[in-house]
Amino acid sequence: MSILQISARRISLMFLALFLTISLSRAGEGMWLPFLLKALNESEMKAMGMKMRADDIYSVNHGSLKDAVVHFGGFCTGELVSDQGLLLTNHHCGYDAIQAHSTLENNYIRDGFWAKDLSEEMPNPGLFATFIVRIDDVSSKAFEGVLEQMQPAEKKSIIERNLNTIKSSALKESWQEVFIKPFFEGNQYFLFVTETYKDVRYVGSPPESIGKFGGDTDNWVWPRHNADFSVFRIYAGPDNKPAEYSPDNKPYKPKHFFPISLAGVKEGDFTLVFGFPGRTNEYLPSSAIAQTADIIDPARIGVRDISLGIMDRHMRSDEDARLAYFTKYSGIANSWKKWIGEVQGLKSKKVVQEKEKQEAAFTTQLGKDKALNEAYSGVLPKMKTLYADLDTIVANRVLLGEVIGGTNVEIFLLTAYADRLVKSYKDGGEDGFRKMEARITPVLETFFRKYSVAIDQELFVALTQHLSDHLSPQYKPDILTTGRNGSSFEDWATDVFQHTMLTQQESFTIAVAQGGESFTKAMESDRAYQVFLQLKKVMDEQLSPAFNSINDKLLPLQKDYVAAQMAAYPDRRFWPDANSTLRVAYGQVEPYAPRDGMTYKTQTYLDGIMEKYKPGDYEFDVDPRLIALYEKKDYGPYGENGKMPVCFIASIHTTGGNSGSPAIDAHGNLIGINFDRVWEGTMSDLYYDESICRNIMVDIRYVLFVMDKLAGASNLVNEMTLVHAKKRK
């Protein structure tokens, strides 16, 4: 039996069977395709307490939960909470839009904002909300004409041709769009029909002291106490269909919106999260996990330890530096802290060893089936060898990428912009140069508003020295050794920064205005640009080709490894890795015990905010209005037993992209907004452990309390359908 035949047999069994027993997957694990819930998950979900049917969650024939969930801006999730297109997402998801509307006189980041009526709601060019209309399995058509004996390039060509045909012939309305994505490492393909609304307006958000209470200190950790939400509204044309922004557009009338439960949550409650998770890699072999835990993450963390230390020192001593670097610092720290938690989780739960046990069992299972053994027995050994070959390459590639990628040392972002301009001129002449200029100029205008040459020069010194100390000899360019002419890194940096036009907006802009030929010639003597080119040359000519050569061999093996697991375990449910498509994840409100002697409860309250309160601290200051409401215990209908609930956790498998996802109760009511994971469980992108992996949600009662009691935005609350009993609308 061929590999393709084995895969087809396994896939057919998996997606046609109705599984009535608990699978071998871990409780709470998985980001499931909503149109397959009836076949794969409904029985388990009901056993965990769900009162809905699978058709209530996903249907193409009538309004369902999916029709109230949107891909917000392509990077977060949002949910509709009224019949007027009112939308909730996270504060950090709406941050750029909020910041764009903020001025010195009207600082909506600092003070918050609430539209009193539709006329005060503000448009956001480029912001969109995408609904999923329908999902179809097109795997059989995608693989038509593909034979096992074909070379990978030939298979790829046939599949791409088939996908183009499928896409062009898909049934859809004129205003709808279609895309197709691979699943299970390319073992299946699904088609998505979508509707994208491009008129999304800013309605309101709490002050940052409430929406981001705890700042970077509390990021990724539990207990949490922030109201991480913002409010937008979708507008449509007169026919309720997608339309470009127009003052004549009307609030969108959705097929479904979420009723909001005031009943709260308790331990053991069934909870569901609907959204667009970004990326997971759950089916990697042990060798890939070891590489992440021992090489990739530590390399990233090491660079960011240095850059965050420098930024923090300046931010704490200089208010201008804090304002300029606050957002940059948060972005760098977000991933840094996640990677630290990921490594600790992988190590503490001995995930490499656990994967090795699974692989040993898998190898034994293959041996029970001659055809499977012949087809797949060599996959894991080959992958192990290739990952070993990749170790040194990856270590250097990650290190160099962190330094010259522009995230940590911003002069390398400027040199990258210059490089795009030079290449555009060389490839497309003056016309190509001017097109690139039009793209880069507005980006530079924004960049230079929050750029400190002095801080960046200090970062350059520290991180180029870090490069010199840690790059392997074969990947260390002369510029880091003899190219410095014996000078210290401090003196070298001074020379580089004194002999570049790129760190000053005026000189950069003037040079660009003089045209492609002049700009390209100027870059030949620009010290910063020349340093960048030498470092980038190592990446482009040594590290990336070596990485791609091995990775090109790993990708088909990873595809085979997933297909082999699906074939070897015909009674096990499998879920596809997240890839920014619509998914359902579910679990229960559960505590967890990350360390010996420590157990975390499931709910936090306003009391915890007051316990963390540090007057004047940019992370832990508290709005005076919130203090007054707390002292009076004036919680309105949103309190619980004299306390104000703030956040809660559950054993639901989430990742980036799930920010803003609706947290839904057993009856389909909104009970919270997902915004984070606990630090101990951030390894869930690679391995889900039910004992420590928890998602964090802001309690919808706290959201309403902030809107109603603190902000006085009762006009928005009055739009919503509030239910006290746990029942569907």
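Where a number appears in this text, it was derived from the coordinates with a stated rule and is not lab data. These numbers were taken from a predicted model, which means no experiment stands behind them. Methodologically, a virtual Cβ is constructed for each residue, glycine included, from the backbone with ideal geometry; neighbour enumeration extends over all protein chains shown.
Observations on the structure shown:
- Distance (nanometres) between label positions extended 7 Å along Cα→Cβ at MET598 and LYS614: 1.8 nm
- Diffusion coefficient (Stokes-Einstein, Kirkwood radius over C-alpha pairs, 10 °C, 1.306 mPa s) for the chain: 57 µm²/s, rounded to a whole number.
- Among the trypsin sites (Lys or Arg not before Pro) in the stretch 449-532, those placed in a DSSP loop whose Cβ has at most 13 other Cβ atoms within 10 Å are ARG449.
- Extension gain for the segment SER580 to ASN551, taken as residue separation times 0.36 nm less the Cα-Cα distance, is 8.2 nm to one decimal.
- Computed E for SER691/GLN514 - FRET, C-beta separation, R0 41 angstrom, nearest 0.05: 0.10
- In this structure, the amide hydrogen of GLY672, modeled 1.01 Å from its nitrogen in the peptide plane, lies closer than 5 angstrom to those of ALA663, ILE700, counting only residues at least 5 positions away or on a different chain.
- Dipole size of the chain about its Cα centre, with +1 on Lys/Arg Cβ and -1 on Asp/Glu Cβ: approximately 1920 debye, rounded to the nearest 20.
- Estimated Rh, the stretch 341-438: Kirkwood, alpha-carbon pairs, angstrom: 18.2 Å
- For the stretch 559-623, the share of alpha carbon pairs falling in successive 5 Å distance bins from zero is 3, 10, 11, 9, 12, 12, 13, 11, 5, 5, 6, 2 percent.
- Subset of LYS357/LYS537; LYS198/LYS559; LYS337/LYS384; LYS241/LYS337; LYS156/LYS350 violating a 31 Å alpha-carbon distance limit: LYS357/LYS537; LYS198/LYS559; LYS241/LYS337; LYS156/LYS350
- Simple label model, 7 Å out from Cα along Cβ direction - LYS435 to SER168, nm: 2.4 nm
- Cut-off 13 Å (backbone N to label point 7 Å along Cα→Cβ of ASP621), residues of the stretch 208-236: 208-210, 213-214
- Dipole of the chain, positive direction: furthest Cα of MET311, VAL146, PRO556, with charges on the beta-carbon: VAL146
- Potential extension, LYS632-LYS382 segment - 0.36 nm per residue separation minus Cα distance: 83.4 nm
- Phi angles of the stretch 491-496 translate, via the Karplus equation with coefficients 6.51, -1.76, 1.60 and θ = phi - 60°, into HN-Hα couplings of 5, 4, 4, 4, 5, 4 Hz per residue; Gly and Pro are given as x.
- Phi to ³J(HN,Hα) by Karplus 6.51 cos²θ - 1.76 cosθ + 1.60 over the stretch 37-49, Hz, x for Gly, Pro: 4, 4, 7, 10, 10, 4, 4, 5, 4, 5, 5, 8, x
- FRET efficiency, GLU354 to ASP478 (Cβ-Cβ, R0 35 Å, nearest 0.05): 0.20
- Amide H contacts of GLY657 (H built 1.01 Å from N, under 5 Å, at least 5 apart or other chain): GLY278
- Rg and Dmax, both from the Cα atoms of the stretch 571-700 and both in Å, are 17.0, 58.
- Amide H contacts of PHE113 (H built 1.01 Å from N, in plane; Pro and chain starts excluded): SER205 sit under 5 Å, all sequence-distant by 5 or more or on other chains.
- Cβ-Cβ FRET estimate between ARG449 and ASN334, R0 fixed at 30 Å, reported to 0.05: 0.90
- The stretch 319-378 and the stretch 47-96 have their alpha-carbon centroids 29 Å apart.
- The stretch 414-460: mean projected area of Cα convex hull, nm²: 3.5 nm²
- Computed on the Cα atoms alone, the convex hull of the stretch 286-559 gives a volume of 148 cubic angstrom per residue.
- In a DSSP loop and with at most 12 other Cβ atoms within 10 Å, the GluC sites (Glu not before Pro) in the stretch 461-556 are GLU524.
- Within straight-line reach of LYS38, meaning a Cα separation under 18 Å, sit the following lysines at least 8 residues removed in sequence or on another chain: LYS46, LYS51, LYS66.
- A simple rule links phi to the HN-Hα coupling: the Karplus curve 6.51 cos²θ - 1.76 cosθ + 1.60 with θ = phi - 60°, which for the stretch 479-487 gives 4, 8, 10, 5, x, 8, 6, x, 6 Hz, with x for Gly and Pro.
- Taken over the stretch 504-648, the convex hull of the Cα atoms encloses 377 Å³ per residue.
- Look at the alpha carbon pairs under 8 Å that are at least 6 residues apart: their mean separation over the length of the stretch 286-559 gives a relative contact order of 25 percent.
- Charge dipole (the chain, unit charges on Cβ, about Cα centre) - positive-most of TYR702, LEU414, PHE270: PHE270
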